[in-house]
Amino acid sequence: MARRDRQVEIEEVRMRRFLIAANWKMYGSLAMAHEFAESFDQSVDLGADVVLFPPAVYLSAVQGWTSEFVQVGIQDIGAALQGAHTGEIAASMVKDLGGSWVIVGHSERRTDQGESNELVARKFASAVAAGLRPIVCVGESLEQRNAGDAFAVVSNQLKAVIDLCGVTGLQQGAIAYEPLWAIGTGLTATPDQAGQMHAAIRNLLVGFDQDVAQLVRIIYGGSVNPENAGLLFAQEDIDGALVGGASLKASSFAAVVAAI
Ligand code: PEP
């Protein structure tokens, strides 16, 4: 089947459009970003919302190198809308530069910068207020999973956002389920493990609002690569991926996108 027909078919049977995001973390350079943009084929609709998250200082350049089929954002924002917060970037500034998405609550920030569920929720709210689409990351550590607490951890992280923004606020963005033990480790959650948590998250949302639960995209992150992406995307409640290591090269990121 031609690629275009296949995309139309995917969109007809799926209520939610795939979302595939590249988190470059603190890797790369301006030259790497340019090389990526030149070699990543962005001449057609890729059948998914494709979003690049370069380091913030490269946002403007990367925005200038992307086509209408690729969106850009940054990996974090300040919680305040404006003010005396040295070093912080406001959501409105991301908008100014043509960014449309932001990641909030990535586990590396929760761990390295001690970001609490409440702070992450405030960042989510600021992003929505500025018209950005936030991806909130949630996920448990291996100890929490082994103790049987994985869902409790994830639901507390999500409830903090729902408490502040309402469940309809969540619909402005997306959720990334990223078990900490799978990030950057090469250990991917099995499609069943990931699928079960995604279904549990959707079921949690059903308790708040049936429509929002069906519409919100829940993407998976944790050592996604071209080899495992297809099986993950075949899970009913997995609506895409937040890709770290495998997004640094255009060819491997393109292969992940093609796996939809
Ligand atoms: C991430 O950066 O959110 C991530 C999931 O990284 P990796 O794909 O390298 O595990």
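Remark: residue 169 matches the filter, which requires a residue to be assigned to a helix (DSSP H, G or I) and either under 17 Å from the mean Cα position of the chain (by Cα) or closer than 23 Å to residue 40 by Cα (or both). Among the residues making up region 208-250, those that are away from the ligand (no atom under 14 Å from the Cβ), touching a strand residue (DSSP E or B) at 6+ places or on another chain (Cβ under 7 Å) and in a loop (DSSP other than H, G, I, E, B) are 216, 237, 239. In this structure, does residue 253 turn out to be of a type in the set (Phe, Trp, Tyr) and outside any helix (DSSP H, G or I)? No, not satisfied. Among the residues of region 129-152, those that are in a helix (DSSP H, G or I) and either surrounded by fewer than 19 Cβ atoms within 10 Å (Cβ to Cβ) or polar (S, T, N, Q) (or both) comprise 129, 142, 143, 144, 146, 151, 152. Given the criteria surrounded by fewer than 22 Cβ atoms within 10 Å (Cβ to Cβ) and under 21 Å from residue 21 (Cα atoms), does residue 78 qualify? Yes; evaluated as a whole, the condition is true for this residue. For region 24-40, the condition of being within 18 Å of residue 219 (Cβ to Cβ) and modelled with pLDDT of 95 or more holds for at least one residue.
The values are calculated or read from the model by the stated rules, or taken from the named source; none is laboratory data. In this text the structure is predicted, and so the values were computed from the model without any measurement. All Cβ positions, glycine included, derive from the backbone under ideal geometry; neighbour counts span all protein chains shown.
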